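Notes follow once the structure below has been shown.
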Amino acid sequence: MQSFWKKFLVFFFVLALLLAGCRETGTPTPSTPSPSLSPTSTATPSPNLPSFSAVDFWGNTIQLPQKPQRIISLGPSATEIAAALGAMDRLVGVTTADDYPPEVANIEKVGGMDNPSLEKILSLEPDLVLAVFGNPMTLIENLKAQKVPVFGLNPQTVEEVLQDIGKVGNLIGEPENAQKITLDIQKTIDFLKSKRTETSTLPKVYIETWPQEPYYTFGAGTFGDDLISLAGGENIASAIDEPYPALSTDYILFENPDCIVLAYMVQDAQKSLESRKGWQNINAVIDNRILVPKDPNVYLRPGPRIKEALLELAQFLHPEWFQVSP
Amino acid sequence: MSWKYILIILVFLCFLLWGLFAGGAPLSYYTVLETLGSPFGLASVPPVYQSIIWEFRIPRMFTAFLTGSALALAGCISQSLFRNPLADPFIVGTSAGANFGVTLALVLNIIYLRPGLLALPWFAFLGAVLVTVCVLLLGRKGGALPVNTLLLAGIAANYFFVSLSSLAATLGRNVLHRSVLWSLEGFAGANWDTFLAVLPLVLIALLALIFLAKPLDLMVLGDESAMGLGLNVGQFKFIFTVIIGLLTGAAVSVSGLIGFVGLVVPHIARMIVGAKHSRLLPFAFLTGGVLLLGADNLARSIIPGFEIPVAVITALMGVPFFLYLLRKE
């Protein structure tokens, strides 16, 4: 309930700011895909927070006595954030779902994301546990009862991903690295925004995250939805007020996407889509506008590699943005 | 007679010992022994080992035992009450009701209040009783309760309340996403709080059953015979329904839906000590507990550091037995 009100308040605050901004400039800038993605609001964690502290997804303030040396990550996105911040050598436990960066293979596994072993975690004597959406709540409660500092991450939007990188950076004593990473991502976002003009065509994009019916995708207010709009596309599911909606074939046929991103391992994308009943009439399949990412996980994990997703997707949707002008 | 009890208690002790040394944390036998002695000043170990053993491993074993006992007792009573060897809280819909109660409590966000954990089994209890009463009323046919209509009503109730749970979970997903996978967890999250939360329900049921073994024996004879022998059948049906609800609520609220223990254990116990409830109930209590304790030990030790859902293990053990019963019928 608390987080709902918080989101509600933030939403109104942003809306108020946006309205105020509109009145000043007269017209809203067409190149702003999402009002919450203003460059000033990202990167820096609350400046008045002391070192080794941060406010997590549940609204709890975590204050660590010193720089954490034994970190356990309970999800790939948190692992990627910690690794990008330069804390790879301080990670002492990860889940079986972790595969990036490749060196995580050498780190002790504490179980799957949905069933990590409490005993294993405790026996590794962590001084910080990074929890993600999907971890069992009772595990979190038990860890907290044992006075293990648990920091919960559940970033929904690209902006929240950037904020969380900043928060984790402050928490584990790498604020400069966090600043660097978030600025880097922000630069990519700003670059894409600068390329976008009022005349830019916005192809309809469908990111498929599950290869069988019902097909899953990103709904409104998710980082996947943000990725599409920032890369200059229009999410066919952006009207669905549900983070990971299951789509039926008729919905996808009706929306008729111009481009399809298959965010999973697939052999022959064109063939597999053509073999689906009715799909041969979809624009993306007719024009063979199907993107099979180099690493599908960059589209699925709210971590620092969203930059790669942004660039790959934007290059696919708008190759003209990346041509060096003569 | 008594050697059978000695045997099951011996198995129980062996499983306790096994469980002490099995688990996700790679603690050596010697470390575990040291940790066991540490509260009495016999050895000194890092406090984290003390937590692992004393605050998680031990209460987890007791919780698994208690849950197995509760399911087995609920199965015994169901089979006698419905006079059907295949009746158990799952088939009659009681578990679905308990599950609905828990889902509702989670959606209404009650669990996150501190006393919420203590309230959860009671929500499960209310759901279980609600559904069992519905089934009893739906299955009634001209004052009597024929077995087939009862089981059909149970199946209907099962589907209905499983659907209601999914609906509640879908509508309340914003709250529920904090507790997703709750029903798959088995005993991974168990601690002393969980144990203490379900203990009262099982104790109340046990206390009541001490006085109810005789009426249960009469219920098996059928409504008419029981009435003829002076039993107030309607009243006792209600009492037994409430007891089944208590036991099922306790079990489902801690571990989610665990099948086949309630079905299989009463049969094993009946084979060993006979059908008389004054003997059957205590023996089923022990057997059910020992069985689920063993299943949970397996669940956390097959692959060290990984939790296999305990329901998977009970199903793997129970299904062959279930098929055997079906063939025998």
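The values are calculated or read from the model by the stated rules, or taken from the named source; none is laboratory data. Keep in mind the model is a prediction, meaning the values are calculated, not measured. Positions of Cβ are generated from backbone atoms using ideal geometry, with glycine treated the same way; all protein chains shown enter the neighbour counts.
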Here's a check for you: in the range A:86-103, which residue that is part of a loop (DSSP other than H, G, I, E, B) and aliphatic (A, V, I, L, M) is nearest to the other protein chains (Cβ to nearest Cβ)?
A:97
Against the condition touching a strand residue (DSSP E or B) at 6+ places or on another chain (Cβ under 7 Å), more than 9 Å from every other protein chain (Cβ to nearest Cβ) and not in a loop (DSSP other than H, G, I, E, B), how does residue A:178 come out, does it pass?
no
Would you call residue A:141 assigned to a loop (DSSP other than H, G, I, E, B), at pLDDT below 95, more than 24 Å from the chain's Cα centre (by Cα) and of a type in the set (D, E, K, R)?
no
For the range B:135-155, name all the residues that are assigned to a helix (DSSP H, G or I), modelled with pLDDT under 80 and surrounded by fewer than 14 Cβ atoms within 10 Å (Cβ to Cβ).
B:147, B:148
Over the range A:144-173, the set of residues part of a helix (DSSP H, G or I) and closer than 20 Å to residue A:190 by Cα is A:158, A:159, A:160, A:161, A:162, A:163, A:164, A:165, A:166
I need the full set of residues from the range B:39-92 which are among the basic types (Lys, Arg) and more than 14 Å from chain A (Cβ to nearest Cβ), in order please.
B:83
Scanning the range A:141-153 for residues that are buried (at least 22 other Cβ atoms within 10 Å of the Cβ) and touching a Gly at 6+ places or on another chain (Cβ under 8 Å), which turns out nearest to the other protein chains (Cβ to nearest Cβ)?
A:142
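Residues checked against (1) surrounded by 24 or more Cβ atoms within 10 Å (Cβ to Cβ); (2) hydrophobic (A, V, I, L, M, F, W, C); (3) touching a Cys at 6+ places or on another chain (Cβ under 6 Å):
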residue: B:218; (1), (2), (3): no, yes, no
residue: B:223; (1), (2), (3): no, no, no
residue: B:232; (1), (2), (3): no, no, no
residue: B:235; (1), (2), (3): no, no, no
residue: B:238; (1), (2), (3): no, yes, no
residue: B:242; (1), (2), (3): no, yes, no
residue: B:250; (1), (2), (3): yes, yes, no
residue: B:259; (1), (2), (3): no, no, no
residue: B:263; (1), (2), (3): yes, yes, no
Which residue is farthest from the other protein chains (Cβ to nearest Cβ), if the candidates are limited to the range A:124-138 and must be at pLDDT 90 or above and either closer than 21 Å to residue A:303 by Cα or surrounded by fewer than 24 Cβ atoms within 10 Å (Cβ to Cβ) (or both)?
A:130
Got at least one residue in the range A:75-89 being under 21 Å from residue B:300 (Cα atoms), buried (at least 24 other Cβ atoms within 10 Å of the Cβ) and within 17 Å of the chain's Cα centre (by Cα)?
yes
Being assigned to a helix (DSSP H, G or I), farther than 23 Å from residue B:307 by Cα and small (Gly, Ala, Ser) is the filter here, so list the residues in the range B:54-94 that pass it.
B:72, B:74, B:75, B:78, B:80
Select from the range A:249-273 the residues that are polar (S, T, N, Q) and buried (at least 19 other Cβ atoms within 10 Å of the Cβ) and list them in ascending order.
none
Would the range A:274-281 turn up any residue that is surrounded by 18 or more Cβ atoms within 10 Å (Cβ to Cβ) and either in the same structural domain as residue A:159 (by TED's automatic domain parsing) or not in a strand (DSSP E or B) (or both)?
no
Scanning for something surrounded by 14 or more Cβ atoms within 10 Å (Cβ to Cβ), among the aromatic types (Phe, Trp, Tyr), under 16 Å from the mean Cα position of the chain (by Cα) and in a loop (DSSP other than H, G, I, E, B), does the range A:217-229 turn up at least one residue?
yes
Whether any residue in the range A:105-121 is out of contact with any strand residue (DSSP E or B) (no Cβ under 7 Å at 6 or more places or on another chain) and away from chain B (no Cβ under 14 Å) is what I want to check.
yes
With the first residue restricted to the range B:312-329 and required to be assigned by TED's automatic domain parsing to the domain that holds residue B:299, and the second required to be aliphatic (A, V, I, L, M) and outside any helix (DSSP H, G or I), Cβ contacts under 7 Å at 6 or more apart or on different chains are B:314/B:258; B:325/B:86
Going by what's in this entry, would residue B:246 be described as surrounded by 19 or more Cβ atoms within 10 Å (Cβ to Cβ), within 28 Å of residue B:140 (Cβ to Cβ) and in the same structural domain as residue B:213 (by TED's automatic domain parsing)?
yes
Out of all the residues in the range A:90-99, is one or more in contact (Cβ under 8 Å) with a residue 40 or more places away in the chain, of a type outside the set (Lys, Arg) and either buried (at least 18 other Cβ atoms within 10 Å of the Cβ) or touching a Phe, Trp or Tyr at 6+ places or on another chain (Cβ under 8 Å) (or both)?
no
Flagged in the range B:307-329 as over 13 Å from residue B:255 (Cα atoms) and among the small types (Gly, Ala, Ser), in numbering order, are B:315, B:318
Any residue that is surrounded by 15 or more Cβ atoms within 10 Å (Cβ to Cβ) and assigned to a helix (DSSP H, G or I) - is there at least one of those in the range B:303-310?
yes
For the range B:1-33, give me each residue that is within 14 Å of another protein chain (Cβ to nearest Cβ) and out of contact with any strand residue (DSSP E or B) (no Cβ under 8 Å at 6 or more places or on another chain).
B:19, B:20, B:21, B:22, B:23, B:25, B:26, B:27, B:28, B:31, B:32
